[in-house]
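The values are calculated or read from the model by the stated rules, or taken from the named source; none is laboratory data. No experiment lies behind these values; they were computed from the predicted model shown. Methodologically, a virtual Cβ is constructed for each residue, glycine included, from the backbone with ideal geometry; neighbour enumeration extends over all protein chains shown.
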Amino acid sequence: MNKDTEPKIIIIMRLYNEERWIEQTLNSIYDICKGIVIFDNGSTDNTRKICEKCDKVLEIYKQDSTLYQNSKNNVNINNILLKMAMKYDPEYILSVDGDEILPPDVKDILFEELCILYPNSSVFEFQYLTIWDTPTQYRYDGVYSNTWYPALFKVKDQPKDLVYTDYLHYTGVSHIQKIPITTMGFTKPVRSKIKFQHLGYYDEKIRQKKYSEYSTNDDHSEIWNNYVHCIGGDGKFSGPNGMEFRTLPKNMILRNIH
């Protein structure tokens with residue numbers, strides 16, 4: 001496939017203090033997209049500076065003060081990103097977070113799925129592997145054993161009034177819509193072979209911080225068993241034997257993770 005026939009993918013990213021991972025994230029998505037639009041939610045580190053150096057970054061919406069992660073703010077941010085992406089006439093829109101890294105062979109797999117295997121499909125979902133403590137392992141018990149999110153959709157034939165709404169498909173402050181739930185094909189996504197590596201729970205410091213935020217600020221935290229699974233193997237969302245792990249294939253092990 002030559003560059004003239006490659007699908008035009010615009011990636012949307014919502015970022016906050018992601019300097020630890022963002023360069024690797026940008027490198028992992030660089031070859032699959034025509035451009036990247038970013039909502040920076042008041043970062044106080046070098047996130048913006050790193051993003052500005054990437055020539056695929058088309059636009060950065062700079063929010064000077066941090067908007068708290070709740071349903072209303074999440075919807076507003078996502079709708080800003082959607083409008084930004086639409087300005088560049090994409091064929092597909094893909095949502096990627098600053099702590100998510102795609103595998104080295106992502107381009108060949110994704111373009112084969114979009115152009116050859118499933119050219120008429122509108123929504124694609126991906127499995128997310130939660131990297132835990134070391135670059136070589138991911139957690140694989142309870143909710144971590146089967147984590148899939150629809151994150152890419154075809155723009156053609158979508159509703160003209162396509163927007164993110166206050167209704168969240170996933171309940172709780174720890175979950176954010178990646179694509180609008182009114183997207184045509186949302187309920188019948190294609191399961192991609194591509195696996196995202198999620199670094200959002202990589203070390204104990206990150207996990208404790210998220211646990212504190214989620215358990216304190218989510219008015220319905222009891223639905224998620226007060227998020228105890230975020231910091232260990234307890235609770236109904238962990239596996240029956242506590243935490244369990246699997247080893248990543250050698251070609252997927254990330255370097256320079258610290």
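Among the residues making up the stretch 184-221, those that are free of Cβ contacts under 8 Å to residues at least 12 places away in the same chain and either surrounded by 17 or more Cβ atoms within 10 Å (Cβ to Cβ) or of a type in the set (Lys, Arg) (or both) are 205, 209. Among the residues here, residue 26 does not qualify as touching a residue at least 24 places away in the same chain (Cβ under 8 Å), farther than 18 Å from residue 102 by Cβ and aliphatic (A, V, I, L, M). For beta carbons closer than 7 Å, sequence separation of 6+ or different chains, a first residue in the stretch 234-258 that is among the β-branched types (Val, Ile, Thr) and a second that is in a loop (DSSP other than H, G, I, E, B), the qualifying pairs are 247/136; 253/135; 253/136; 257/135. Report yes if some residue within the stretch 158-177 is of a type in the set (Ser, Thr, Tyr), under 20 Å from the mean Cα position of the chain (by Cα) and surrounded by 16 or more Cβ atoms within 10 Å (Cβ to Cβ); otherwise report no. Yes, the conditions are met somewhere in the stretch 158-177. Checking residue 224 against (1) hydrophobic (A, V, I, L, M, F, W, C); (2) closer than 29 Å to residue 24 by Cα; (3) not in a loop (DSSP other than H, G, I, E, B): exactly one of these is not met. Which one? Failed condition: (2).
Output the residue which, of all residues in the stretch 118-144 that are in a helix (DSSP H, G or I) and under 17 Å from the mean Cα position of the chain (by Cα), is nearest to residue 246 (Cα to Cα). Looking at residues that are in a helix (DSSP H, G or I) and under 17 Å from the mean Cα position of the chain (by Cα), I get 144. Each residue in the stretch 6-19 was checked for being closer than 21 Å to residue 104 by Cα and touching a residue at least 60 places away in the same chain (Cβ under 8 Å), and 9 of them qualify. Taking (1) in a strand (DSSP E or B); (2) surrounded by fewer than 16 Cβ atoms within 10 Å (Cβ to Cβ) in turn, residue 258 satisfies each apart from (1).
Just one of (1) assigned to a helix (DSSP H, G or I); (2) in contact with a strand residue (DSSP E or B) (Cβ under 9 Å, 6 or more places away or on another chain); (3) modelled with pLDDT of 95 or more trips up residue 115, so point out which. So residue 115 meets the others, but not (2).
Which one of 107, 72 is closer than 19 Å to residue 36 by Cα and either surrounded by fewer than 20 Cβ atoms within 10 Å (Cβ to Cβ) or out of contact with any His (no Cβ under 8 Å at 6 or more places or on another chain) (or both)? Residue meeting the stated conditions: 107.
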